[in-house]
Amino acid sequence: KLIQVESSPKSLAYPQFPGGQSEFNNFIESNVRYPYILAKIEMEGEVDITFTIDKLGQVKNIEITKGFDPLADKEVIRVLSGMPRWIPATMDSETIDCAQKLTVTSTLTEELRKQAEQMKGQTLNNDVFKSKTTNNKKIKL
């Protein structure tokens, strides 16, 4: 009787955002907008996301695995959906689909608090503020 043994890949290269991790952080930082209403009520939290980089380098199957507010969740999905093509993952010299995980942490800055204070009394629920990000896989807004 033959027993099949799974062999591990000789070489596995994970997908790469064009320009690398720092460019990925810059892309998120430049494009994520803090929802005004969340700044107004001083709401902070984390959004955990999974997504796939397919064989063509396109972002697919974006899913919120843990959200903190529907507006924040929707904003993160919007930004990830608009990402440029990645360099796809390869295994043994063949391109493959590859799942990715990401946590985006939304934290109010003093600047965002001031903007929310200045806009008090206005009904701008759909407005958003530009915010900042840092770190590698865990991105903090």
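In this label model, Gln21 and Thr103 are separated by 1.5 nm, measuring between points 7 Å along each Cα→Cβ vector. With a Förster radius of 41 Å applied to the beta-carbon distance between Tyr14 and Glu117, the computed FRET efficiency rounds to 0.45.
Each value in this text was obtained by applying a stated rule to the coordinates, not by laboratory testing. None of these values were measured; they are calculated from a predicted model. Don't worry about glycine lacking a Cβ; one is built from the backbone with ideal geometry, like all the others, and counts go over all protein chains shown.
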